[in-house]
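Undergrad: Can you read through this structure? Questions will come right after.
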Amino acid sequence: LPQTLAGEGLSLFGRLRTFMVRAAPTASPAAAPHACSQWRNIGRKLGVLQAPAATDAEPLHHLEPDSVFVVARVVVASGRRYLQLADGRGWVPERSRKDPSRVVVELVEGGVPDAQPMHVTSASSNPVRLRQLCLTVSATRSANTASTQIAQIALRCRGKLVSLDGFSVKNPDGRSPSSEGPEKLLGIKGKWLDLCFRERGQSVLLLIAPSEIEVDDICFRTGSDATARDPVKLSVHGSRNGLEWMTLHDMGGELYMPTARQAWTPWLQLR
């Protein structure tokens, strides 16, 4: 037990009450993202592919219209986005293979798919090694807002959350209220807010790990207010030395950013 609970002559009720108050933040549903996300087929029969970018291959099978399915992660392959099914059956495209202008899936907000079997969250992992992550927000849900915001960032490797202890976060050329700086991204309370987003045309976040880490997925939690500030176009780059950078993900459009407040995005694969 913490020292504050020992040797102070607290009653059993007092000890339990103190412990419960301190433990509550880690038990909050917003404190940790779900292992997977739920999606719906909003098109016709949706072909399940053996691999992402296999646009010319015959589907292994199909998902029926309006069916709900569980997704382990989102990946970008050959400039297009695909959703990896959590049951291991394959991949479905974000857009129609015949008409790439037509989106055929939608995120089911508020879904809790953790009761479903998750067969691929770690089995298909091929993590990258890095020391630094650079996130660039280049568009928000509203073109009229002057600022952008994110409440929290989470990283995952082989299906398990990566500890962010010892990480530092910077917002170069940004400007935040004293209580809403970039360090808020590492915790479960508050949010990061950059007031200079519109003025500069983008917001940049630099995450630096205390040593090299392995990571294969990233996700974000929305703020508690102002959906207009949510990033809808965001790129992620990684580096081992701060000099050579590689593109890891490019999130484009509102499809992957929930409108619900303090809600997590799907896991986005870093490759």
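The values are calculated or read from the model by the stated rules, or taken from the named source; none is laboratory data. Predicted model, so just to flag it, every value in this text is computed and none were measured. A quick note on method: Cβ atoms are made from the backbone with ideal geometry, for glycine too, and the neighbour counts reach across all protein chains shown. Keep in mind that these areas ignore ligands, DNA and RNA; they rest on the heavy atoms of the full protein, side chains included. Shrake-Rupley method; radii C 1.70, N 1.55, O 1.52, S 1.80 Å.
Undergrad: Go through region 125-143 and give me each residue that's open to solvent by 50 Å² or more (accessible area, probe 1.4 Å) and assigned to a strand (DSSP E or B).
TA: The answer is Arg129, Arg131, Ser138.
Undergrad: Here's another thing I want to ask about it. Please state which one of Val75, Val92, Val21 is part of a helix (DSSP H, G or I) and either of a type in the set (A, V, I, L, M, F, W, C) or modelled with pLDDT under 90 (or both).
TA: Val21
Undergrad: Exactly one of (1) free of Cβ contacts under 8 Å to residues at least 40 places away in the same chain; (2) buried (at least 16 other Cβ atoms within 10 Å of the Cβ); (3) within 23 Å of Cys157 (Cα to Cα); (4) more than 19 Å from the chain's Cα centre (by Cα) is unmet by Arg95. Its number?
TA: Here Arg95 meets the rest and fails (3).
Undergrad: Pick out the one residue from Gly43, Gly14 that is at pLDDT below 90 and open to solvent by less than 70 Å² (accessible area, probe 1.4 Å).
TA: Gly14
Undergrad: Any residue in region 207-222 that is touching a Phe, Trp or Tyr at 6+ places or on another chain (Cβ under 8 Å), more than 14 Å from Arg73 (Cα to Cα) and open to solvent by 40 Å² or more (accessible area, probe 1.4 Å)?
TA: Checking region 207-222: at least one residue is touching a Phe, Trp or Tyr at 6+ places or on another chain (Cβ under 8 Å), more than 14 Å from Arg73 (Cα to Cα) and open to solvent by 40 Å² or more (accessible area, probe 1.4 Å).
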